[in-house]
1. Principal axis lengths of segment 1-68 from Cα atoms, whole Å, largest first?
2. Could you list the GluC sites (Glu not before Pro) in segment 45-126 that lie in coil according to DSSP, counting only those with at most 11 other Cβ atoms within 10 Å of their Cβ?
3. Taking a spot 7 Å from the Cα of Val237 along the direction of its beta carbon, which residues of segment 276-291 have an amide N less than 18 Å from it?
Amino acid sequence: MSGPALSFVIPLYHSAETIGAVVREIEGFTVEGGHEIVLVHDGSGEATSRVARELVRQARVPITLIEHARNYGEHNAVLTGWRHARGAHVVNLDDDGQNPPTEALRLWQHARETGLDVVFGHYEEKQHAAWRNLGSWFTNRMTDWALDKPAGFYLSSFRCVSAFVARQVVGYAGPFPYLDGLILQVTQRIGSIEVKHQARQAGQSTYTLGKLLRLWLSAWINFSVLPLRVATLLGLVVAALGLAALGTIAWLWYRGIGPQYGWGWSMSVTLIFSGTQLVMLGLIGEYLGRMFLTVNQRPQSVVREVVVSEIGRGS
């Protein structure tokens, strides 16, 4: 059966105070071909679940609520939403109002006009803490090296994708998804437009430094062998420095000149080499650990329940 023209996918995490305003604004849109809302509650407690269920009960457009059995992370939640979305295009946005729904419509309109598979929102000014803006900048620079994308192209979590791309991406079943890496494996027909980024409507961000680090690891390790090559290069550089140092010490010993090399020097060299080896072993271990969890089929997400609004049933 044919679906609506546009699906709004919104992951929910401690968003009881903010999601109501976002959903009500989307419900007020007039979209040629119709639209729907897909809410994915990512295991953040009863308050958010209660508000989301009330939104489904009072829905003025088709709304689907998917309840995760526990917290799996933003990218996992978005993939769950894409699996349940029926739209010809899918736009995902935050639950806190920082991605204005009107800007989501602009992403969709640009995708339709240009025929692009993916349109990212590029923020004119981000309303985030300085450390998070720095982290986003670093992530984009890092993906210039690790992913097959145009250098300097800005990747953001505010994006509109075609149903074709969404169907291809949701085929990934691994436990550590990184959406932009998956998207870039499917298509190079991507673009971006400048969009507004508003201050959070209520509450505080639940995005932590730990989550940002896990995102970096997913971007680097799941979709690139570049870290292994960097580790190999680092090992070669350190080995070359070690050989150069050994040659220098031998030459000084032969000439009978230079300072006395004692315990402090020996321990410093040992710590440098040991630290480098541990870093490389840890990196290899991270690859092996993720392979182990994937082979043992650690779930990407587990859906406890799907609730569909009355207005969306049978359509």
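A short reminder: the numbers here are calculations on the coordinates, not readings from a lab. These numbers were taken from a predicted model, which means no experiment stands behind them. Please note: Cβ atoms are built from the backbone with ideal geometry, for glycine as well, and neighbour counts cover all protein chains shown.
1. That works out to 35, 23, 17 Å along the principal axes.
2. Details: sites: Glu46, Glu54, Glu67, Glu74, Glu103, Glu113, Glu124, Glu125; in loops: Glu124, Glu125.
Listed in order of number, the matching sites are Glu124, Glu125.
3. 276-284
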